[in-house]
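None of the figures in this text is laboratory data; all of them are computed from the coordinates on show. Keep in mind the model is a prediction, meaning the values are calculated, not measured. Cβ placement follows ideal geometry from the backbone for every residue including glycine, while neighbour counts extend to all protein chains displayed.
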Amino acid sequence: MTSNDTPHALHPYVGMWVTADGHIRQELLPDGRYDEARGSRQSAYTGSYTVTGNHIDYVDDTGFTATGDIRDGVLFHEHLVLYRKGDEHTRK
């Protein structure tokens, strides 16, 4: 969910983000939800997110909260660094 009037489908952060090794895959869905897979564990974490500028606030379905920031097209999510799926950083 964004803090402005831009529909999610048009928001530039919607889509799949992955670590360089592809182990963690976080999909930001257009409805303000996210689904994160880790290794072979699909939907390891799910919840909602809100975007304010380049900052993302996450609330896991269990109530756990986290944050992230997009800088130069890279998602810094707590201790993780995620790239858009298909970005050259994710290629081996």
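Key figures
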quantity	calculated
Total residues in region 11-52, condition without any contact (Cβ under 8 Å) to a residue 40 or more places away in the chain and more than 21 Å from residue 71 (Cβ to Cβ)	18
Residue satisfying condition, being among the hydrophobic types (A, V, I, L, M, F, W, C), closer than 22 Å to residue 87 by Cβ and surrounded by 15 or more Cβ atoms within 10 Å (Cβ to Cβ), within set 37, 44	37
